[in-house]
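First up is the structure itself, then whatever we jot down about it.
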Amino acid sequence: MKMKFLLTLALTLALGCTAAFAAEDDTPLAKEMKTMNKSLRALKKQVADAAKKDDNLALIATIRKSLDAAAKLEPAKTKEVPAAEKAAYLDKYKAQMTDLVKTYDELEAAIKADKADDVKKALDKLSEQKEKGHKDFAPDEK
Ligand code: HEM
């Protein structure tokens with residue numbers, strides 16, 4: 001009986017630690033990105049639903065907060081960049097983040113104006129910007 005208790009305790013502690021480490025592994029930038037990703041996925045699911053218009057605009061407002069925070073952070077890979085190239089690297093990162101914000105502005109305008117084609121265009125552009133941003137700045141597997 002005591003053994004079973006000890007085994008359960010050990011397992012609980014081990015699982016608890018794994019979960020805690022997984023969360024701590026995320027950089028502050030990865031956390032903001034994940035928050036943005038969650039809102040964007042929710043938005044994509046219901047963007048065609050006119051009854052959810054206010055909801056969708058609220059999701060964009062939430063995304064903007066993550067983007068503001070993300071723009072002030074540095075990609076983890078910055079520490080691998082030679083000192084002489086660092087400023088240009090970070091300028092490029094910030095420029096791409098600014099472009100991303102502009103696309104969310106376009107998405108917001110399209111949702112407000114009920115322009116489904118423009119919504120699609122903005123969403124496609126976001127996907128392209130994400131792909132390029134991750135190719136340029138994120139660790140390899142992203
Ligand atoms: C709609 C657009 C985007 C979405 C939904 C998105 C989503 C994500 C997600 C979910 C992660 C975390 C992955 C993980 O750790 O499992 C991530 C990481 C990252 N993203 Fe994005 N991303 C977007 C655009 C961008 C852009 C435009 C850039 C660069 C200008 C960028 C730079 C990064 C970097 C550098 C990381 C790694 C975190 C770090 O270095 O600390 N992302 N992104």
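Could you go through the range 78-90 and let me know if any residue there is part of a helix (DSSP H, G or I), closer than 17 Å to residue 33 by Cβ and under 16 Å from the mean Cα position of the chain (by Cα).
No, the conditions are met nowhere in the range 78-90.
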So, in the range 96-113, how many residues would count as being more than 22 Å from residue 56 (Cβ to Cβ) and more than 8 Å from the ligand (Cβ to nearest atom)? 1
Members of the range 121-142 found to be aliphatic (A, V, I, L, M), within 8 Å of the ligand (Cβ to nearest atom) and in a helix (DSSP H, G or I), listed by number: 126
Given (1) closer than 24 Å to residue 26 by Cβ; (2) at pLDDT 95 or above, index of the condition residue 112 fails: (1)
Is one or more of the residues making up the range 75-94 modelled with pLDDT of 95 or more, closer than 21 Å to residue 44 by Cβ, hydroxyl-bearing (Ser, Thr, Tyr) and surrounded by 15 or more Cβ atoms within 10 Å (Cβ to Cβ)? no
Can you find a residue in the range 123-140 that is loosely packed, with under 13 Cβ neighbours inside 10 Å, closer than 18 Å to residue 34 by Cα and more than 15 Å from the chain's Cα centre (by Cα)? yes
Close pairs (7 angstrom Cβ cut-off, 6 or more residues apart or separate chains): within 16 Å of residue 26 (Cβ to Cβ) in the range 73-88, near the ligand (Cβ under 10 Å from one of its atoms) and small (Gly, Ala, Ser) anywhere: 75/138
Restricting attention to the range 47-54, does a residue exist that is near the ligand (Cβ under 9 Å from one of its atoms) and not in a helix (DSSP H, G or I)? no
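The values are calculated or read from the model by the stated rules, or taken from the named source; none is laboratory data. All values reported here derive from a predicted model rather than from experimental measurement. Methodologically, a virtual Cβ is constructed for each residue, glycine included, from the backbone with ideal geometry; neighbour enumeration extends over all protein chains shown.
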